[in-house]
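Notes follow once the structure below has been shown.
The values are calculated or read from the model by the stated rules, or taken from the named source; none is laboratory data. Just so it is clear, the structure is predicted and the values come from calculations on it, not from any experiment. Because the Cβ atoms are built from the backbone with ideal geometry, glycine has one as well, and the counts that use them run over all protein chains shown. Quick note on the areas: whole protein, heavy atoms, side chains included, nothing else; ligands and nucleic acids left out. Shrake-Rupley method; radii C 1.70, N 1.55, O 1.52, S 1.80 Å.
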Amino acid sequence: MSKFLLKCITCGKEFSEEEEEYYCPVCGERRGTLEVVYDFDQVREKYESSSVDLNNRGIWAFDFLLPFENCTDTPRLFVGNTPLYRNHFLEEKYKVSELLLKDDGRNPTASFKDRASGVAVLKAKEKSFDTVFCASTGNAASSLSGFAAVSGLKSVIFVPATAPAAKITQLQVYGSKILAINASYDRVFDLSMEIGMSKGWYCRNSAINPYLLEGKKTCAMEIAFKTKDRLPDFVFVSAGDGTVLSSFYKGFEDLMKLGVISKIPTIVGVQAEGSNAIMRAYERGYPFEPVDIEARTVADSISVGKPRDVFKACRYTQKHNGLFLSVSDGEILGSIIELARETGVFAEPAGATAFAGFKKARRLSIVNERNSVVIVVTGNGLKDLKSVSYVLPKVETLSPVKDAIEEALNEDQLHTKQ
Ligand SMILES: *Cc1c(COP(=O)(O)O)cnc(C)c1O
Ligand SMILES: [Zn+2]
């Protein structure tokens, strides 16, 4: 018997891996997202004979809960087991019992997306594809690009031409075929589906490919394994399409079914004010009819007006009493600087969004002083230097004269914490 099935999140119909690749043919691309459902007898047997060696294996240490019979020949790029830092400065400043920062910008291509790309390329190889494609605001693209490179696959990447320069350069360096299109991410996504599918390439698009979420859920599982009987009360994570957010629920749920943990933290999906389509759908209540919008935010990675995993994200949030918050671009940019100065972790805008959401939740007393929190930083700050530079002063050029340099030193405070 197979280790898992794919289940439609709307009609509940189950498919074997061979029957359907991407989504339920009855419910369609967006409502018919498939979710991987495991046979827990098999999972338990594998888990009990496994040592969960995160240090040496990263995400593959969770092979018992990944959609492969055998995780052999995994890509030779280390993914996962990212640091979980405790930060006393922020604990004191915001008065919470424990504050942990999960730095997922430490993954090989510098974002959380590597967790999904590792799984996607292994699947593509298992299914004997030679070309993979995706549409992305930038990180999924550069991530797939790097993993395709190490796996010997060709990659075709559809991105909005407005993606940050560093992310596009990353694609060029890795040798992908780049299609930088003069349109929003939402439009680029639709075009990629039309073209990529007709070419018969393997699709690594959010929500369409059911295996991505399985890779992404390893972040929640790492948090659970590292905090064990002291699971945090809250987890804050940013949301665009909603797959990353859903993956936290799935990761904790799967571990609960396995009996590793006994509760699920309250998960807060944080969106940018100008790109809060999931939050809007959630506020309308079941069945969460999406209200697609024109997304506008400095946080390019979560600039999504037509979220592809809106149904799953809303259902999970309702089932587990989670919540959504939105924050302004000003709050996001300020949070990048504050996070860097208090913790040394430099986040890209979407990465700092979770921290901005935490601060708002604390202000609103959603989080209280007895609570412990984990804040997930999903991407590294070097990916987008331009956005944050707008809120920083220009660096003054000095003459190579001692007096001029000392004068500049006098004017400056050495520490400019916010
Ligand atoms: C993709 C991404 C997100 C959000 O993920 P979704 O699945 O689109 O909600 C958040 N932060 C960063 C840095 C990302 O790259
Ligand atoms: Zn269906």
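On a full-extension model of 0.36 nm per residue, what is the gain between Asn368 and Arg284, subtracting their alpha-carbon distance, rounded to one decimal in nm? Walk me through the numbers before you get to the answer.
Numbers: separation 84, 0.36 × 84 = 30.24 nm, distance 2.73 nm.
Gain on stretching Asn368 to Arg284: 27.5 nm.
Computed 3J(HN,Hα) for segment 364-380, one whole-Hz value per residue from the Karplus formula 6.51 cos²θ - 1.76 cosθ + 1.60 where θ = phi - 60°, is 7, 6, 5, 9, 10, 6, 8, 7, 10, 9, 10, 10, 9, 9, 8, x, 7, glycine and proline marked x. Amide H to amide H distances under 5 Å link Val132 with Lys154, Ser155, Val156, Tyr202, where only residues 5 or more positions off or on other chains count and H is placed in the peptide plane. Taking 0.36 nm per residue of separation and subtracting the current Cα-Cα distance, fully stretching the chain between Lys95 and Asp41 would add 15.1 nm. Which residues does a label at Ile293 reach in segment 171-205, if reach means a backbone N under 16 Å from a point 7 Å past the Cα toward the Cβ? The answer is 185-186. A simple spin-label model places the labels of Leu385 and Arg187 3.0 nm from each other, with each point 7 Å out along Cα-to-Cβ. Taking Cα centre as origin and charging only the Cβ of basic (Lys, Arg, +1) and acidic (Asp, Glu, -1) residues, the dipole magnitude of segment 1-71 rounds to 300 debye.
Here the Debye sum runs over all C-alpha atoms of the chain as equal scatterers in vacuum, and log10 of I(q)/I(0) at q = 0.07, 0.11 Å⁻¹ comes out as -0.31, -0.78.
Evaluating 6.51 cos²θ - 1.76 cosθ + 1.60 at θ = phi - 60° for every residue in segment 196-201, the Karplus couplings come out as x, 5, 5, 7, x, 8 Hz, glycine and proline recorded as x. Against the chain, whose longest principal axis comes from its Cα atoms, helix 218-227 is set at around 70 degrees.
Among Ser142, Thr317, Gly379, whose Cα projects farthest towards the positive end of the dipole of the chain, with charges put on the beta-carbon of Lys, Arg (+1) and Asp, Glu (-1)? Among Ser142, Thr317, Gly379, the one farthest towards the positive end of the dipole of the chain is Thr317. Put a plus charge on the Cβ of each Lys and Arg, a minus charge on the Cβ of each Asp and Glu, and nothing anywhere else: the dipole of the chain about its Cα centre is then about 320 debye.
Distance check, please: which entries in Lys228/Lys383; Lys3/Lys257; Lys250/Lys360 exceed 23 angstrom between their Cα atoms? Before the final figure, lay out the partial values.
On the way: Lys228/Lys383 32 Å; Lys3/Lys257 15 Å; Lys250/Lys360 25 Å.
Listed pairs above 23 Å: Lys228/Lys383; Lys250/Lys360.
Database remark: amide H of Glu35 closer than 5 angstrom to the amide H of Lys7, Cys8, Ile9 (H placed geometrically; neighbours at sequence offset of 5 or more, or on other chains; Pro and chain starts carry no H). Near the amide H of Ala180, within less than 5 Å, lie the amide hydrogens of Val159, all on another chain or at least 5 residues away, with H placed in the peptide plane. As a size descriptor, the averaged projected area of the C-alpha convex hull of segment 13-68 was calculated at 4.9 nm². Placing +1 on the Cβ of each Lys and Arg and -1 on the Cβ of each Asp and Glu in the chain, which of Ala120, Ser326, Ala404 has its Cα farthest towards the positive end of the resulting dipole? Towards the positive end, the residue furthest out is Ser326. With helices as the sole contributors, the chain gives -11500 deg cm²/dmol at 222 nm; each DSSP H run of n ≥ 4 counts as -39500 (n - 2.57), and the sum is divided by every residue. How far apart, in nanometres, would the label points at Ser328 and Glu48 be if each is projected 7 angstrom from Cα along the Cα-to-Cβ direction? Rounded to a tenth, the inter-label distance reads 5.7 nm.
Could you sort 24-31, 371-378, 393-400, 12-19 so that the peptide with the highest average Cβ count within 10 Å comes first and the rest follow in order? Each step should come with its number before you reach the end.
Numbers: 24-31: 15.9, 371-378: 27.0, 393-400: 7.4, 12-19: 13.1.
Descending mean neighbour count gives 371-378, 24-31, 12-19, 393-400.
Checking every one of the trypsin sites (Lys or Arg not before Pro) in segment 58-138 against DSSP loop status and a limit of 14 other Cβ atoms within 10 Å picks out Arg76, Lys95, Lys127. Between helix 243-257 and the chain there is an angle of about 60 degrees, using the helix long axis and the longest principal axis of the Cα atoms. Most tightly packed first, judged by the mean number of other beta-carbon atoms within 10 Å of their residues, the peptides 65-75, 344-354 read 344-354, 65-75.
What does the charge add up to near Pro290, with Lys and Arg as +1, Asp and Glu as -1, over the other residues with Cβ less than 11 Å from its Cβ?
Values: positive: Arg30, Arg31, Arg280, Arg284, Lys306, Arg308; negative: Glu289, Asp292, Asp309.
Within the 11 Å Cβ shell, the charges total +3.
The angle separating the long axis of helix 114-126 from the principal Cα axis of greatest extent in the chain is about 30 degrees.
Can you work out the FRET efficiency for the pair Leu398 and Thr169, with r the C-beta to C-beta distance and R0 = 25 Å, to the nearest 0.05?
Working: r = 30 Å, r/R0 = 1.20.
Here the calculated transfer efficiency is 0.25.
Solvent-accessible area per residue for the chain at a 1.4 Å probe radius, Å²? Could the numbers behind the result be given before it?
Numbers: 17390 Å² over 418 residues.
On a per-residue basis, 42 Å².
Scaled to the globular estimate 2.2 N^0.38 Å, the Cα spread of segment 303-345, given as radius of gyration, is 1.59.
Of the accessible area of segment 178-226, computed with a 1.4 Å probe over protein heavy atoms only, carbon and sulfur atoms account for 50 percent.
Computed 3J(HN,Hα) for segment 384-389, one whole-Hz value per residue from the Karplus formula 6.51 cos²θ - 1.76 cosθ + 1.60 where θ = phi - 60°, is 8, 7, 5, 4, 6, 5, glycine and proline marked x.
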